[in-house]
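Novice: This structure is in structure tokens; I'll ask about it shortly.
The values are calculated or read from the model by the stated rules, or taken from the named source; none is laboratory data. In this text the structure is predicted, and so the values were computed from the model without any measurement. Counting neighbours? That spans all protein chains shown, and the Cβs are built from the backbone with ideal geometry, glycine included. What goes into the accessible areas is simple: the full protein's heavy atoms, side chains included, and nothing from ligands, DNA or RNA. Shrake-Rupley method; radii C 1.70, N 1.55, O 1.52, S 1.80 Å.
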Amino acid sequence: MISDRKIEAKFWGSQAMGEVRGLEPSDLHDLSRLSNLSENAVVQALRARLMGRDIVYTRVHRLLVAVNPLHDIPGLYTQARMAVYNEDADADPPHAYEVAASCYRRMLEGADQAVVITGESGAGKTETFKKLIAYLSWRAPTPALAADGHESFEQLLLHTVPALESFGNAATKLNHNSSRYGKFVSLYYTGSGRLAGIVLKSYLLEKTRVVAAGAERSFHAFYELANGADAATRAALHMDALPAATRYIADLERHNARARPPNGAPGASGGAGEPTQPSTASTRPAVRSSGGSSTGNSHVASRRGSFFSLDALFGGGKRSGARTDALPTRDDAGEYGATREAIHACGAAEADELAIWRCVGALLHMGAVHFAGQTRTGARDDDAEAERSEVASGARASLGHVAALLGVDAVALTAALTTRKIKAGAEWVTSHNSPRASANVADALAKAVYAGIFAWLFDATNWALGGHAATAAIAAADEDLYAGAAAGPSADAQAKTMIGLLDMFGFESFATNSLEQLCINFANETLQAHFTRTTFEQAAREAAAEGVEVKEADFASVDPTPTLHLLSAKATGILSMIAEECFIPKGTDASLLDKLRAAHKAHPRFGAPARERDTFVVTHYAGAVTYSAGGLLEKNRDPTPEDAAVLLAGSSVPFVAAIFA
């Protein structure tokens, strides 16, 4: 995964210049032709292609590398370009459509296909993902079933997925529109190659961003509501009572958007997804991407109006793959309207849509709830309940708004946050929380509510995509292709084969890294191991088939296996040790760190900084990352407060009651 800023940083090296000198950019469609495949040579060649010819895609044998140019490239994503790869999947220059065409042709031959898009955070994986979807939708369109009042799958996708973006994406230091969850999209096809249905699955939603966004923005949905709601909605959600700063959003006013990006905001010109035609071959291709260029059409048209552009898909016109400071201000107010349309397109009733925004408003108010301590008269110093929690006097109105919006009694909610029930023998006794414990309960409840909203939207989107008459026979059971009745009398209406697209978080390394980054980087490490094994084994097989003698190579420097073992080994792996420490009654972040340092002090991929005693270092395939041990156990436990969950399960708002049922 490469962005042009990385190419710039690595370009100026005399050795790299010499390694590709004399070769024209047009000669470098496949970098495996280079006599020296060092990192500098590859980076120099990629830069020469991008800067000299605006060529963003390059092959390295069977691997496709996409470089994000961060500007428009006219004609890069058009139906005419799709048709080229429909006729010849190996046509030059390389393209994301080439990979999609190869997948489609292999799928027609009866083999399920999988495409993995990997790369650093902010390099543009989601943009490449959209281009693959655009081609696959174009190649095997489903006609709109006007007689039944149904839309085509392409139209359904365009209308529903923006809601997932608003509730699942956020602006980070590296990316203006970063997906804060992973997704796997399965496209099911009939025996004749027509698109029969689409199923989406999500992974690792970054729930902690709801309560701890820090200097970055929280999820887009909060700002859309704050900036886009009309007067009646603002009044119903008590929005004018919100302070400018809360525990969850440090400065809501500073993050507010004030300007709408102009038409033609960064993106590739040319319609990427107008429906029509066709195919191609290859084994399951591995894809590396950095966005393969920006988005298509205008920012505004892609999310609103007729929804003709597939650039609304999985990222809207908000251009993922670019740094936050390099982009125009986001139009949160305008996006609010588009998100509302998308929620309705999922099949949500008016009451459901209002309930979703009620929950978002409740979370904004929850961030304004603070807790104070009341010292119990006569309490001993070692008394765990010496300081009893209560809602701070200035926050009681905010708590009342939270309770009203979530449909529960304010007194009962206060009790659920400030006390807990403990079973003592055959009886239940009430114990008082400390102010800090109450804040933790409130945070856990906020994360649970938000996760419930997101899960509901994912289920609704899948229902909308699976509710189409042509997909009536698809079951969304985990990894099993359904075996059921066809949607009609023709056996061709049954889903036969599948193309899966995985769009995961990119590798992350920030000033402070915690459990979220550890999980994200572990996922990327696993994908890297699969990529490395597949690439080298495939190259060795091809060399043997061609009678080429290849010396045994030393791949130790690029082998991620030691890091994977460090992270995931049974009992002794870092992830296993974190899980085990959560079950130890007096386990703490400090005790966990001591055990990690003792168990792995001799491991070549583990480090224990002497000056930063509360951290540890893991050397990943993309570099060393320093992780903070603070909060690891609590994040891994991720407890949903039982008393509060029971209370919300009895909410007078059916939507809230359903997500806690």
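Novice: Step by step: first the residues of the stretch 60-71, then only those that are under 26 Å from the mean Cα position of the chain (by Cα) and assigned to a strand (DSSP E or B), then the one that is nearest to E537 (Cα to Cα). Which residue is that?
Specialist: Here the residue is L63.
Novice: Any residue in the stretch 405-424 that is farther than 15 Å from P435 by Cβ and without any contact (Cβ under 8 Å) to a residue 40 or more places away in the chain sitting within a Cβ distance under 8 Å of a residue that is open to solvent by less than 40 Å² (accessible area, probe 1.4 Å) and part of a strand (DSSP E or B)? List the pairs, counting only those 6 or more apart or interchain.
Specialist: I422/S431
Novice: If I ask for residues that are open to solvent by 40 Å² or more (accessible area, probe 1.4 Å) and part of a strand (DSSP E or B), which ones from the stretch 196-215 would you list?
Specialist: K201, S202, Y203
Novice: Moving to a separate point now. Can you name the number of the only condition in (1) assigned to a helix (DSSP H, G or I); (2) at pLDDT 90 or above; (3) open to solvent by 50 Å² or more (accessible area, probe 1.4 Å) that P74 fails?
Specialist: It fails just one condition, (1).
Novice: Report yes if some residue within the stretch 95-115 is modelled with pLDDT under 90 and open to solvent by 40 Å² or more (accessible area, probe 1.4 Å); otherwise report no. Before you say what the answer is, go through the steps one by one.
Specialist: Filtering the stretch 95-115 for residues modelled with pLDDT under 90 gives none.
No, every residue in the stretch 95-115 fails to be modelled with pLDDT under 90 and open to solvent by 40 Å² or more (accessible area, probe 1.4 Å).
Novice: Quick one: how many residues across the stretch 497-534 are more than 16 Å from T626 (Cβ to Cβ) and among the polar types (S, T, N, Q)?
Specialist: 6
Novice: Sticking with this one: For the stretch 520-554: of the residues being in contact (Cβ under 8 Å) with a residue 24 or more places away in the chain and touching a Phe, Trp or Tyr at 6+ places or on another chain (Cβ under 9 Å), which is surrounded by the most Cβ atoms within 10 Å (Cβ to Cβ)?
Specialist: This residue is N521.
Novice: Looking for whichever is modelled with pLDDT of 95 or more, within 30 Å of F616 (Cα to Cα) and of a type in the set (S, T, Y) here; the options are T561, T588, T526. Which one fits? Full working, then the answer.
Specialist: Details: T561 fails: modelled with pLDDT of 95 or more; T526 fails: modelled with pLDDT of 95 or more.
When all the criteria are applied, what remains is T588.
Novice: Can you pull out the residues in the stretch 199-215 that are at pLDDT 90 or above, under 13 Å from G367 (Cβ atoms) and not β-branched (V, I, T)?
Specialist: Of everything in the stretch 199-215, just one residue is at pLDDT 90 or above, under 13 Å from G367 (Cβ atoms) and not β-branched (V, I, T), namely R209.
Novice: I would also like to ask the following. Quick one: which helices (runs of 4 or more DSSP H) lie wholly within the stretch 303-410 and hold at least 1 residues that are within 22 Å of the chain's Cα centre (by Cα) and modelled with pLDDT of 50 or more?
Specialist: Passing ranges, in order: 332-345, 350-366.
Novice: Working only within the stretch 411-434, note down all residues that are touching an Asp or Glu at 6+ places or on another chain (Cβ under 7 Å) and not in a strand (DSSP E or B).
Specialist: Of the stretch 411-434, the ones touching an Asp or Glu at 6+ places or on another chain (Cβ under 7 Å) are 416, 418, 420-421, 431-432, 434.
Once the filter is applied, which keeps residues that are touching an Asp or Glu at 6+ places or on another chain (Cβ under 7 Å) and not in a strand (DSSP E or B), the stretch 411-434 yields A416, T418, S434.
Novice: Let me ask something additional. Identify, from the list A244, A259, the residue that is open to solvent by 30 Å² or more (accessible area, probe 1.4 Å), in a loop (DSSP other than H, G, I, E, B) and at pLDDT 50 or above.
Specialist: A244
Novice: OK, next. Do any residues in the stretch 192-218 that are over 13 Å from F454 (Cα atoms) and without any contact (Cβ under 8 Å) to a residue 60 or more places away in the chain have Cβ atoms under 6 Å from those of residues that are of a type in the set (D, E, K, R) and in a helix (DSSP H, G or I), where the two are at least six apart or on different chains, and which pairs are they?
Specialist: From the stretch 192-218, the pairs are S218/R209.
Novice: Would you say Y85 is touching a residue at least 60 places away in the same chain (Cβ under 8 Å), outside any helix (DSSP H, G or I) and not basic (K, R)?
Specialist: Spelling it out, it is not the case that Y85 is touching a residue at least 60 places away in the same chain (Cβ under 8 Å), outside any helix (DSSP H, G or I) and not basic (K, R).
Novice: Same structure again: For the stretch 176-194, give me each residue that is closer than 19 Å to N524 by Cβ and part of a loop (DSSP other than H, G, I, E, B).
Specialist: R180, Y181
Novice: Considering the stretch 651-661 alone, what residues qualify as being outside any helix (DSSP H, G or I) and open to solvent by less than 60 Å² (accessible area, probe 1.4 Å)?
Specialist: S651, V653, F660
Novice: Let me ask something else. How many residues are among the small types (G, A, S) and exposed (fewer than 14 other Cβ atoms within 10 Å of the Cβ) if we restrict to the stretch 599-649?
Specialist: 5
Novice: Could you list, in sequence order, the residues of the stretch 77-94 that are open to solvent by less than 30 Å² (accessible area, probe 1.4 Å) and modelled with pLDDT under 85?
Specialist: Passing the criteria: A89, A91.
Novice: Return the residues of the stretch 222-235 that are among the small types (G, A, S), touching a residue at least 60 places away in the same chain (Cβ under 8 Å) and closer than 20 Å to A404 by Cα; say none if nothing qualifies. Before you say what the answer is, go through the steps one by one.
Specialist: Here is the first cut: in the stretch 222-235, the ones among the small types (G, A, S) are 226, 228-229, 231-232, 235.
After this cut, where a residue has to be touching a residue at least 60 places away in the same chain (Cβ under 8 Å) as well, the list is 226, 228-229.
If the condition is that a residue be among the small types (G, A, S), touching a residue at least 60 places away in the same chain (Cβ under 8 Å) and closer than 20 Å to A404 by Cα, then A226, A229 are the ones that fit.
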